[in-house]
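Asker: Please see the structure below; I have some questions.
The values are calculated or read from the model by the stated rules, or taken from the named source; none is laboratory data. Predicted model only: the values in this text are computed from it and were never measured. Every residue, glycine among them, receives a Cβ derived from its backbone with ideal geometry; neighbour counts consider all protein chains shown.
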Amino acid sequence: MAVITFAHRGARSEYPDNTLKGFARAIDLGASGLETDARLSADGEVVLAHDATIGTGLRRIRVSEHSAESLAQLQVPRLADLYAAQDSDFACSIDCQVPEAALPIIEVARAARAADRLWLCSPDLDLLAGLRSAAPEIKLVHSPGREAPPAATMERHASQLSRLGIDAMNMHHRAWTGGLVSLYHRFGLNVFAWDAQEIRQLKAMLRIGIDAVYCDNVVRMVSTVKEWEGQ
């Protein structure tokens, strides 16, 4: 498949994180995927916020204690609003920030007829494994953040992911090597690299066969990948 270009939290070099304007701008700039973070509002809606609290300075509110409608006034959209505002043919990588949001995320994606383009990310392997039979159409991504498995255990880890039906492994770009990419590919897994911000970092990931990159600068990411694929 073509390398997926995930716009990290939208076009965040131009707009605030996780906003409908930022997501729309990223699509306009040619991103093939959007990356975002999901939590639940007080009324059980899937809303797109990275942190448990939002606001500036001392004036912060807890996302889980406010309704989706009130959060929307603070530029925290619902996942349903994102799908409604865009054609649903983009890939959507969602960091599930709280376990209880996982099934609601899937239901929203299904309602938008976009579940087959959902890449649901979590560091919690038990959570991901439990979703496999419940949602066979979505893609599951193990995303352990900066706590990547020790190099000595990578083969066992790749085997475990394959056995559990996980679709991809997502690590910081510095953690990937050509050998590790080949290892995970051998077990039928996609390999994703986050925080590839500079052209040299993007090209390094493309050179070793990465399947998706996450970047804040959409123009830089899209142009670099297009140039590489056009060679």
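Asker: Determine, yes or no, whether Gln197 is without any contact (Cβ under 8 Å) to a residue 60 or more places away in the chain and either of a type in the set (A, V, I, L, M) or assigned to a loop (DSSP other than H, G, I, E, B) (or both).
Answerer: Numbers: without any contact (Cβ under 8 Å) to a residue 60 or more places away in the chain: yes; either of a type in the set (A, V, I, L, M) or assigned to a loop (DSSP other than H, G, I, E, B) (or both): yes.
Against the criterion (without any contact (Cβ under 8 Å) to a residue 60 or more places away in the chain and either of a type in the set (A, V, I, L, M) or assigned to a loop (DSSP other than H, G, I, E, B) (or both)), Gln197 qualifies.
Asker: Considering only the stretch 70-96, how many residues are part of a loop (DSSP other than H, G, I, E, B), closer than 18 Å to Trp119 by Cα and either out of contact with any Leu (no Cβ under 9 Å at 6 or more places or on another chain) or free of Cβ contacts under 8 Å to residues at least 40 places away in the same chain (or both)?
Answerer: Adding up the residues that qualify gives 3.
Asker: Pairs needed: first member in the stretch 14-28, of a type in the set (Ser, Thr, Tyr); second member anywhere, surrounded by fewer than 17 Cβ atoms within 10 Å (Cβ to Cβ); C-beta distance under 9 Å; at least 6 residues apart or different chains.
Answerer: Sorted first by the residue in the stretch 14-28, then by its partner, the pairs are Tyr15/Lys21.
Asker: Checking Ile61 against (1) within 14 Å of Ala114 (Cα to Cα); (2) part of a strand (DSSP E or B), which test does it fail?
Answerer: Failed condition: (1).
Asker: Do you know which residues across the stretch 45-97 are of a type in the set (Asp, Glu) and under 15 Å from Gly22 (Cβ atoms)? Step through it out loud before you land on a result.
Answerer: Within the stretch 45-97, the first condition is being of a type in the set (Asp, Glu), and the residues that meet it are 45, 51, 65, 69, 81, 87, 89, 95.
Listed by number, the list holds a single entry, Asp81.
Asker: Among the candidates Asp43, Asp37, Asp28, which residue alone is surrounded by fewer than 21 Cβ atoms within 10 Å (Cβ to Cβ), within 23 Å of Val141 (Cα to Cα) and at pLDDT 95 or above?
Answerer: On the way: Asp43 fails: within 23 Å of Val141 (Cα to Cα); Asp28 fails: within 23 Å of Val141 (Cα to Cα).
The unique qualifying residue is Asp37.
Asker: Right, here's the next one. Cβ-Cβ below 6 Å, separation at least six or inter-chain, first residue in the stretch 213-231 and part of a loop (DSSP other than H, G, I, E, B), second at pLDDT below 95: which pairs?
Answerer: Qualifying pairs under 6 Å: Asp216/Arg12; Asp216/Ser13; Asn217/Ser13.
Asker: Now for a different question. Ala68: touching a strand residue (DSSP E or B) at 6+ places or on another chain (Cβ under 9 Å), crowded, with 21+ Cβ neighbours inside 10 Å and among the aliphatic types (A, V, I, L, M), yes or no?
Answerer: Details: touching a strand residue (DSSP E or B) at 6+ places or on another chain (Cβ under 9 Å): yes; crowded, with 21+ Cβ neighbours inside 10 Å: yes; among the aliphatic types (A, V, I, L, M): yes.
So Ala68 passes the test.
Asker: How many residues are crowded, with 19+ Cβ neighbours inside 10 Å and over 20 Å from the mean Cα position of the chain (by Cα) if we restrict to the stretch 161-193?
Answerer: Of the residues in that region, 1 qualify.
Asker: For the stretch 221-230, does any single residue satisfy the condition of being touching a Lys or Arg at 6+ places or on another chain (Cβ under 8 Å) and surrounded by fewer than 19 Cβ atoms within 10 Å (Cβ to Cβ)? First the steps, then the outcome.
Answerer: Quick first cut of the stretch 221-230, residues touching a Lys or Arg at 6+ places or on another chain (Cβ under 8 Å) only: 224, 228.
From what's left, surrounded by fewer than 19 Cβ atoms within 10 Å (Cβ to Cβ): 228.
Yes, the stretch 221-230 contains at least one residue that is touching a Lys or Arg at 6+ places or on another chain (Cβ under 8 Å) and surrounded by fewer than 19 Cβ atoms within 10 Å (Cβ to Cβ).
Asker: Pull up the stretch 81-123, narrow it to residues that are within 14 Å of the chain's Cα centre (by Cα) and of a type in the set (S, T, N, Q), then point me to the one that is nearest to Val141 (Cα to Cα).
Answerer: Ser122
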